[in-house]
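Data first, discussion second: the structure below is written as structure tokens.
The values are calculated or read from the model by the stated rules, or taken from the named source; none is laboratory data. Computed from a prediction, not measured in an experiment: that's the story for all the values here. Because the Cβ atoms are built from the backbone with ideal geometry, glycine has one as well, and the counts that use them run over all protein chains shown. Please note that ligands, DNA and RNA were not included when accessible areas were found on the heavy atoms of the full protein model with its side chains. Shrake-Rupley method; radii C 1.70, N 1.55, O 1.52, S 1.80 Å.
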Amino acid sequence: MEKSAKTEDAALVKMLIHRDPESVGVLYDRYASSLYGVIRRIIFNDVIAEEILAESFVKAIENMNHYNPSRLSFFTWLLIICRNLSLERMRKDNSLSHSYGQAIDQILQTGDSMTGLHYQRLPVQMIDLEKKIEVEYKVIIDLLFLRGLSQHDTARKLNIPLGTVRTRSHAAIHKFKAVFSENKIEE
Amino acid sequence: MNISEYLSSGIVELYAMNALSSEEKTEFERLLVLYPEIEVELSRTEKFLENYAHIHALNPGPGLRPKIINSVGFESKESKDSVVKKQFKNNYPQLLTYKYMIAASLAALVVSTFASWFFYMRWDESEANYSKLLSEKNELLQNFNLVKSAYDETVSGLVIMRDENANVHTLKPADTTLHYQARVYCNEQTKRTYIDVLLIPEPADGKQYQLWAQSNGKIIDAGVFSARTPGIQRMKDVPGAESWFVTIEPQGGSFNPTSEQKFLVSKPNR
């Protein structure tokens, strides 16, 4: 399963580099909603979030020659571009910064990754999962991964040392992986 | 380096979430090349994070898909050619009402203009493709060279480590809670001495690590070395020693150890 995802990504990257007109549609169908989920958790505005997704696609495609498959996966590379553009845009706008800050404060209390979103399409699997994982684990992965909070800011917000941010991330992902495979979430 | 400790420290997870500083990233990528276990753990972690992101996916509005495809603007070849053809059809129909000779020659002019425009477009496109291929090839070549020199370095490192006639000395800090480590290889016959830095922090600005050998009460200078070099570093020739130690010296090294404090020491051999 892992191998076929990697080869599909490699084929898609090739198509994009060759400016194949079909490739953008394929990229969109495969990854747009996962990337939008991340953008929308930083930019609490539908219109701007969609603009950022479009900008991210253009930027990623322009920089396709700089993607190095020996380091991070294609999706991770795309996610980093989206997250960085979102954070940049959020910081320039007072109301976006405000809603981002509020969401962070709320997450610190509840670990709920749907904070600030009105969408009710939470998949059933997720509702079950949410119950099985400790709040502190949900919080740390949400902050570092979805919201793009730096390791130092995370340490400060959680009032823990940097080493603990790291060991807790390791424990959190370990726990998530276990719960995922129990519930057969991995493909 | 204790690989299982490194893997459970959370650094892999932080790298996959892109939460490390650029120095920390560079250090991680250096170790990634040296230890395949890190690559395995990184793949697993990335796969999990990808699934995590997919679970948190949200759909943007339906109009966004065509909008983005348009913004990127990859055109198909057919659409380019037909636009050109249409333009010419619209601009020149009135030429055909003139006298036959003039009409015929003008028609020929149109056809040849169109033909040269058409071939120009093709040439332009293939030029663009060619330069893209060229830059792609250059990038591949660069990547290959990087990989090749990393490989060459690894092979020469192996040769040194496998030398049966070399004595291996493990150097550690006196304080056993610190996990710093280096290994010294010294062949007493050829006097060739090497150091392999396993885990050592960057020294302060203007300072450098220096290796010393101790033999029959004499202290011998084995030279300075870097904490950053990924491979094995050649030191000065030493005719053999009972013990070794590392101190922190000013950049460029000193003739004699300037501090009492030994940063790393070896266990005595005999």
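Give the residues of the range A:77-86 that are within 7 Å of another protein chain (Cβ to nearest Cβ) and either surrounded by fewer than 21 Cβ atoms within 10 Å (Cβ to Cβ) or among the small types (G, A, S) (or both), sorted by residue number.
So the first thing to find is which residues in the range A:77-86 are within 7 Å of another protein chain (Cβ to nearest Cβ), and the list is A:79-80.
Matches in the range A:77-86: A:I80 only.
Using the structure shown, decide if B:L42 is within 23 Å of the chain's Cα centre (by Cα), touching a residue at least 24 places away in the same chain (Cβ under 8 Å) and surrounded by 18 or more Cβ atoms within 10 Å (Cβ to Cβ).
Values: within 23 Å of the chain's Cα centre (by Cα): yes; touching a residue at least 24 places away in the same chain (Cβ under 8 Å): yes; surrounded by 18 or more Cβ atoms within 10 Å (Cβ to Cβ): yes.
Yes: the conditions hold for B:L42.
For the range B:24-38, which positions are farther than 11 Å from B:M1 by Cβ and within 13 Å of the chain's Cα centre (by Cα)?
Result: B:K25, B:T26, B:E27, B:F28, B:E29, B:R30, B:L32, B:V33.
Look at the range B:241-256 and say how many of its residues are assigned to a loop (DSSP other than H, G, I, E, B), open to solvent by 30 Å² or more (accessible area, probe 1.4 Å), over 20 Å from B:Q181 (Cβ atoms) and of a type outside the set (S, T, N, Q).
Step one: list which residues in the range B:241-256 are assigned to a loop (DSSP other than H, G, I, E, B), which gives B:241-242, B:251-256.
Restricting the remaining residues to those that are open to solvent by 30 Å² or more (accessible area, probe 1.4 Å) gives B:242, B:251-252, B:255-256.
If we keep only those that are over 20 Å from B:Q181 (Cβ atoms) as well, we get B:251-252, B:255-256.
Those left that are additionally of a type outside the set (S, T, N, Q): B:252, B:255.
Total meeting the criteria: 2.
If I filter the range A:32-52 down to residues being open to solvent by 20 Å² or more (accessible area, probe 1.4 Å) and touching a residue at least 40 places away in the same chain (Cβ under 8 Å), which single residue comes out as nearest to A:H98 (Cα to Cα)?
In the first step, residues of the range A:32-52 are kept if they are open to solvent by 20 Å² or more (accessible area, probe 1.4 Å); the result is A:33, A:44-48, A:50-51.
Now restrict to residues that are touching a residue at least 40 places away in the same chain (Cβ under 8 Å): A:44-45, A:48.
Details: A:F44: 10, A:N45: 12, A:I48: 15 Å.
Among those that are open to solvent by 20 Å² or more (accessible area, probe 1.4 Å) and touching a residue at least 40 places away in the same chain (Cβ under 8 Å), it is A:F44.
So how many residues does the range A:170-184 have that are touching a Phe, Trp or Tyr at 6+ places or on another chain (Cβ under 8 Å) and open to solvent by less than 40 Å² (accessible area, probe 1.4 Å)?
In the first step, residues of the range A:170-184 are kept if they are touching a Phe, Trp or Tyr at 6+ places or on another chain (Cβ under 8 Å); the result is A:171-173, A:175-177, A:180.
After this cut, where a residue has to be open to solvent by less than 40 Å² (accessible area, probe 1.4 Å) as well, the list is A:171-173, A:176, A:180.
Residues that pass the stated criteria total 5.
Residues to consider are B:S149, B:S79; find the one that is modelled with pLDDT under 80, assigned to a helix (DSSP H, G or I), among the polar types (S, T, N, Q) and closer than 30 Å to A:Y28 by Cα. Before the answer, list the steps.
Details: B:S149 fails: closer than 30 Å to A:Y28 by Cα.
Just one listed residue meets the conditions, B:S79.
Could you run through the range B:217-240 and say how many residues are β-branched (V, I, T), under 34 Å from the mean Cα position of the chain (by Cα) and outside any strand (DSSP E or B)? Can you show your working first?
The first filter runs over the range B:217-240 and keeps only residues β-branched (V, I, T), leaving B:219-220, B:224, B:229, B:232, B:238.
With under 34 Å from the mean Cα position of the chain (by Cα) added as a condition, the list becomes B:224, B:229, B:232.
Still in the running and outside any strand (DSSP E or B): B:229.
Adding up the residues that qualify gives 1.
Do we find that B:Q210 is in contact with a Leu (Cβ under 7 Å, 6 or more places away or on another chain), at pLDDT 90 or above and polar (S, T, N, Q) in this structure? Before the answer, list the steps.
Values: in contact with a Leu (Cβ under 7 Å, 6 or more places away or on another chain): no; at pLDDT 90 or above: yes; polar (S, T, N, Q): yes.
Taking the combined requirement at face value, the residue does not satisfy it.
Would you point out which residue out of A:K59, A:K14 is open to solvent by 40 Å² or more (accessible area, probe 1.4 Å), without any contact (Cβ under 8 Å) to a residue 24 or more places away in the chain and assigned to a helix (DSSP H, G or I)? Spell out how you get there, then give the answer.
Values: A:K59 fails: without any contact (Cβ under 8 Å) to a residue 24 or more places away in the chain.
A:K14 is the lone residue from the list that is open to solvent by 40 Å² or more (accessible area, probe 1.4 Å), without any contact (Cβ under 8 Å) to a residue 24 or more places away in the chain and assigned to a helix (DSSP H, G or I).
From A:S73, A:S113, A:S34, grab the single residue that is at the interface with another protein chain (Cβ under 10 Å from one of its Cβ atoms), of a type in the set (G, A, S) and closer than 18 Å to B:I68 by Cα.
On the way: A:S73 fails: closer than 18 Å to B:I68 by Cα; A:S113 fails: closer than 18 Å to B:I68 by Cα.
It is A:S34.
Of the residues in the range A:65-75, how many are assigned to a helix (DSSP H, G or I) and crowded, with 19+ Cβ neighbours inside 10 Å? Write out each step before concluding.
Start the filter on the range A:65-75 by keeping residues that are assigned to a helix (DSSP H, G or I), which leaves A:65-66, A:74-75.
Then keep just the ones that are crowded, with 19+ Cβ neighbours inside 10 Å; that gives A:74-75.
So the count comes out to 2.
Per-residue answers, yes or no, for (1) closer than 26 Å to B:K191 by Cα; (2) exposed (fewer than 11 other Cβ atoms within 10 Å of the Cβ):
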site	(1), (2)
B:A104	no, no
B:A107	no, no
B:F119	no, yes
B:A128	no, no
B:S131	no, yes
B:E136	no, no
B:V147	no, no
B:D152	yes, no
B:T170	yes, no
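Among (1) more than 14 Å from every other protein chain (Cβ to nearest Cβ); (2) touching a residue at least 40 places away in the same chain (Cβ under 8 Å), which single condition is B:S149 missing?
That leaves (2) as the condition not met.
For the range A:96-187, which fully contained helices (runs of 4 or more DSSP H) count at least 3 residues that are farther than 23 Å from A:N45 by Cβ and at pLDDT below 90? Before you say what the answer is, go through the steps one by one.
Details: elements: A:124-132, A:135-141, A:151-158, A:162-182.
Where helices (runs of 4 or more DSSP H) fall fully within the range A:96-187 and carry at least 3 residues being farther than 23 Å from A:N45 by Cβ and at pLDDT below 90, they are A:124-132, A:162-182.
Taking into account only those residues within the range B:18-38 that are open to solvent by 70 Å² or more (accessible area, probe 1.4 Å) and of a type in the set (D, E), which is nearest to the other protein chains (Cβ to nearest Cβ)?
That would be B:E23.
What are the residues in the range B:207-225 that are among the polar types (S, T, N, Q) and surrounded by 14 or more Cβ atoms within 10 Å (Cβ to Cβ), if any?
Our first condition is that a residue be among the polar types (S, T, N, Q); within the range B:207-225, this holds for B:208, B:210, B:214-216.
Those that are among the polar types (S, T, N, Q) and surrounded by 14 or more Cβ atoms within 10 Å (Cβ to Cβ): B:Q208, B:Q210, B:Q214, B:S215.
Cβ-Cβ under 7 Å, sequence separation 6+ or interchain: first residue in the range B:189-210 and within 25 Å of B:L34 (Cβ to Cβ), partner acidic (D, E) and surrounded by fewer than 16 Cβ atoms within 10 Å (Cβ to Cβ). Which pairs?
If the second residue must be acidic (D, E) and surrounded by fewer than 16 Cβ atoms within 10 Å (Cβ to Cβ), the pairs left are B:R192/B:D237; B:T193/B:D237.
Which ones in the range A:173-187 are of a type outside the set (D, E, K, R) and facing another protein chain (nearest Cβ under 8 Å)?
So the first thing to find is which residues in the range A:173-187 are of a type outside the set (D, E, K, R), and the list is A:173-174, A:176, A:178-181, A:183, A:185.
Within the range A:173-187, A:I173, A:F176, A:F180, A:I185 qualify.
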